[in-house]
1. Say R0 is 30 Å: what FRET efficiency, to the nearest 0.05, do Asn21 and Asn57 get from their beta-carbon distance?
2. Long-range amide H contacts for Tyr347: which residues qualify at under 5 Å (H placed 1.01 Å from N, peptide plane, sequence gap of 5 or more or a different chain)?
3. Keeping all protein chains in place and using 1.4 angstrom, which order do Thr164, Thr11 fall into by accessible surface area, from largest down?
4. For Leu288, put the label point 7 Å out on the Cα→Cβ axis and report which residues of region 222-263 keep their amide N under 15 Å from it.
5. Treating the beta-carbon of each Lys and Arg as +1 and of each Asp and Glu as -1, no other charges, what is the dipole magnitude of the chain about its Cα centre, to the nearest 20 debye?
6. Taking a probe of 1.4 Å, how large is the accessible area per residue of the chain, in Å²?
7. Check each of the trypsin sites (Lys or Arg not before Pro) in region 201-292 and keep only those in coil by DSSP with at most 15 other C-beta atoms within 10 angstrom; list them in order.
8. In region 338-418, what GluC sites (Glu not before Pro) fall in a loop by DSSP, with at most 16 other Cβ atoms inside 10 Å?
Amino acid sequence: MKEAAYNAYTTAQRQFDEVANIIDLEQPVRELLRQPSREFHFTIPVKMDDGTTQVFNGYRMQHNDARGPAKGGIRFHPHETVDTIRALSMWMTWKCAVVDIPLGGGKGGVICDPHNLSLAEQERLCRGYIRQLAKVIGPTLDVPAPDVMTNGQHMLWMLDEFETIHGGRFPGTITGKPVGMGGSLGRTEATGYGVIYSLREALKVLNLDIAKTSASLQGFGNVAEYAARLYTQLGGKVIAISCWDNQDKKAVTFRKVDGLDINAMVSIKDTFGTIDKVKAQQMGCELLDGDQWLAQDVDILLPCALENQLTPATFTKISAEVKVICEGANGPTTPDCDELIKAKNIYLVPDFLCNAGGVTCSYFEQVQCNTNYFWSKEEVLEKLDFKMTTAFRAVHNLAQEKGLYMRTAAYVIAINRVAQAVKLRGWV
Ligand code: GLU
């Protein structure tokens, strides 16, 4: 398995250790929380459409379930690594804790490229994944959801396999399901909208009018799409979007200095967030190098793709205009780059706070499934906004009060909550 130059798990542990020192966390609590409590590594044989069998590697990491069942997405990605999933499972624990929902942290993944799999092969992969985990996930144990390159259809195939094995209907097993099949209205929008609720609050504290701001985005999957939609609805201008081009196997930036039409961009992207270059040019977009999204004269950067994108090397490209970074992705910034962001006094809304809208809505989905009563979209989004805004304010206030970097303040709140739960349970 290929390891990136930056290892997400090392980053997650380093971030944790730093805050554990600040809050003087007891040694056994540190040992417990700086690694996943359970890990599942397994093979998934899949019958391919051409009659051959391909064996995939799948994982599920349960970092912590002291505050509630483990919770977190399943990612399909060719460059997925064990350590990335470990890191992502840790970040899920902090994410659920910072927005104060009664769930722990977990994450899953399969090393595969869904671009190269037919729908029937993807369905068999989803079912094979669940057959390996059916005994250790469920509404009271560990609740998966979509993540990078997985969607509601994948979740429904997974749920169907789980229900076939266990005999019954257990809709609270998996979230991010299609609406009408146990899914919640607003779940598709939730992560991206949550990013913009956080941005809106950040701009308030900075005394900036959102309608006078501009932004540049990395990624055009689910999170970036809905972040861009809400941001432009609130009057902001998206100048550039960088996304993965599967044809050329590299990222490309689409730019329009007078503002991209987000509906039009969505209409020319595929389900994995790749924008059609020819159609984009016909619409008047300029095509630039993949990292050029960073170099635009914008007020706001929204990294909404993968880990390790903001590094000291890429940070040199950032425009002096940038005032706010909202991390829609998990782990987009490396710890050495955090130091540069601090030094430049850029306001950062850290990942596990900024992108917590998805899992918060997943929690609402579980509540609705458990009561078998589904809310209107307005009700879901209103509750989501309230949760996100409350969490943002608590982190911002602590950062102000103690002179902390926003990421550190978010960690202080989250780690304290989880540490209290493990202690109350008598685990340490
Ligand atoms: N995959 C999303 C995340 O990283 C959502 C997780 C969930 O809804 O459980 O937050």
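1. On the way: r = 35 Å, r/R0 = 1.18.
The computed FRET efficiency comes out at 0.25.
2. The list, which skips near neighbours in sequence, is Val324, Ile325.
3. Numbers: Thr164 95, Thr11 10 Å².
Ranked list, largest accessible area first: Thr164, Thr11.
4. Under 15 Å, as judged by backbone N against the label point of Leu288, lie 238-243, 251-260 of region 222-263.
5. Its charge dipole is roughly 720 debye.
6. Details: 16980 Å² over 428 residues.
It amounts to 40 Å² per residue over the chain.
7. Values: sites: Lys204, Lys212, Arg229, Lys237, Lys249, Lys250, Arg255, Lys256, Lys269, Lys277, Lys279; in loops: Lys249, Lys256.
Within region 201-292, the qualifying trypsin sites (Lys or Arg not before Pro) (loop, at most 15 other Cβ atoms within 10 Å) are Lys249.
8. Numbers: sites: Glu339, Glu365, Glu378, Glu379, Glu382, Glu401; in loops: none.
For GluC sites (Glu not before Pro) across region 338-418 that sit outside H, G, I, E and B with at most 16 neighbouring Cβ atoms in 10 Å, the list is empty.
The values are calculated or read from the model by the stated rules, or taken from the named source; none is laboratory data. Treat the numbers as computed from the prediction; the structure is a model and nothing was measured. We place every Cβ from the backbone using ideal geometry, glycine too, and count neighbours over all the protein chains shown. SASA here: full protein model, heavy atoms, side chains in, ligands and nucleic acids out. Shrake-Rupley method; radii C 1.70, N 1.55, O 1.52, S 1.80 Å.
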